[in-house]
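Here is the structure we will look at, set down as structure tokens.
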Amino acid sequence: MIESLRLVDFRCFEEASLSLDAAGRIFVGENAQGKTSLLEAVCLLLRLQSPRARQTKQLIREGAEGFGISGEAWGRTLQVRGDRKGLALKSDGEEVSSRRDYLAESGLVVWMGNEDLDLVRGGGESRRRFLDFIATQIDAGYRNHWVRYRKALSARNRYLKSYSAGEGVVTAYTRLLIEHGSEMIRLRKELCERLVPCAAENQKVISGEREELAMSYVDRSKGDLEAHFAEVEDSETRRGVTLAGPHRDDVKLMIANRSAKDFGSEGQQRTVALALKLAQGEVLRELGNREPLYLIDDIFGELDPKRRNALMELLPGSAQKLITTTNLEWWKQEGMGLSVAEVKAGAVE
């Protein structure tokens, strides 16, 4: 669990310091007051990833040069400082140069938000990111493949666009993509197999119906990444972009043998998203050997009572939960045993 959190010049917070109970806390306030930023800060402190920002500079409070996040979590004092050059890390007061070392002892995180509907409605990027976020938390080898693949992909695309370095350089990056991409595909498939029974059972409980949820990994290389690169070589040369690899794969979600994206109602799609995120927590607990922290961003007010009640029953009672909401009507009705703090204009009261 995370016991305390301190922010300096992070998003809209000039400075904030708060303690957290083992059960968690509810943060209530109007929109654009900083509630989600608190959850984002926890995610960044524990996993060095933001679910909302792609660049570190987006996290810095306007007018500041950098930000700081620190906290007591799982018996360690963690600290992340960020500026336009990147992140600097400390654990128990000692600088940590390796992200892998920092993350090895950190907590596991499940993020739940209204944007989770993109898991069902959106393109393949959302579903790939969902798998990658799980895999990088429980498998250091996967994170290594994922980091190296992304760097090689970026470099290869640059050379494809200009071809200034000649075919040999592109071929060298192709070999890297095949090496690391093949492992990513293998591990993603294994992860999907683990998620399927959990997600299918959650779907039935939340919907209250016998809705059969199926999930399968769509490997566009059909098991032979090297052959796929050879197949698309001419097209890549013409278009100047990499057309093969796990960055173009997808996850197929089906309800009663029909596409959840194309044929699912809004209620069914919301249920699928919840079922997947709850399955994420179960898999993290099983493979990570510890209870993940649940960061739940303003979803309870958007759910109908049936789905809300089912979700609350499925959330593990032993897990710490940090929840944001614009109102407490749902909480008063259902009860949850959490303390409440108000967030207003970048301050926690």
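Read-outs throughout are calculated quantities, based only on the coordinates presented, and are distinct from any laboratory measurement. A quick note: this is a predicted structure, and the numbers were derived from the prediction, not measured. Here Cβ is always computed from backbone atoms with ideal geometry, including for glycine, and neighbour counts include all displayed protein chains.
Miscellaneous remarks
- Taking segment 1-129 and dividing mean pair separation by its residue count, relative contact order in percent (alpha carbons under 8 Å, at least six apart): 22
- The GluC sites (Glu not before Pro) of segment 158-232 that DSSP puts in a loop, and whose beta carbon has at most 16 other beta carbons within 10 Å, are E209, E212.
- Signed unit charges on C-beta, dipole axis of the chain, positive-most listed residue F27, S318, S97: S97
- Convex hull per residue volume in Å³, alpha carbons only, for segment 121-197: 88
- With semi-axes defined as the square roots of five times the eigenvalues of the C-alpha gyration tensor, the equivalent ellipsoid of segment 35-147 measures 23, 18, 13 Å, largest first.
- Taking the Cα centre of segment 278-322 as origin and assigning +1 to Lys and Arg Cβ atoms and -1 to Asp and Glu Cβ atoms, the resulting dipole is close to 100 debye.
- Computed magnitude of the charge dipole of segment 142-212 (debye, nearest 20; Cβ of K, R +1, Cβ of D, E -1): 520
- Loop-located trypsin sites (Lys or Arg not before Pro) in segment 180-244 whose Cβ has at most 11 other Cβ within 10 Å (DSSP): R210, K222
- Calculated P(r) of segment 114-157 - Cα pairs past 17 Å, %: 44
- Taking semi-axes √(5λ) of the Cα gyration tensor in Å as calculated from this structure, the corresponding entry among (i) 35, 27, 17; (ii) 34, 26, 23; (iii) 28, 25, 20 is (i).
- Computed from the C-beta positions of T171 and S339, the FRET efficiency with R₀ = 45 Å rounds to 0.15.
- Compared with the direct C-alpha span, the chain from N309 to A347 gains 10.6 nm at full extension, assuming 0.36 nm per residue.
- Model label sites at S162 and E201, defined 7 Å from Cα along the beta-carbon direction, differ in position by 5.4 nm.
- Rounded to the nearest 10 degrees, the angle from helix 140-162 to the longest Cα principal axis of the chain is 50 degrees.
- The chain, relative contact order [Cα under 8 Å, separation at least 6], %: 25
- Of all DSSP beta bridges in segment 21-135, antiparallel share, percent nearest 5: 100
- Antiparallel DSSP beta bridges within segment 241-349, percent to nearest 5: 50
- Centroid-to-centroid separation of segment 46-62 and segment 86-159 [C-alpha atoms, Å]: 13
- Angle between the chain longest axis and helix 167-207 axis [Cα atoms, degrees, rounded to 10]: 40
- Calculated FRET efficiency, N31 to K189, Cβ-Cβ distance, R0 = 51 Å: about 0.85 to the nearest 0.05.
- Taking other C-beta atoms within 10 Å as the exposure proxy, D234, D298, D83 rank D234, D83, D298 from fewest upward.
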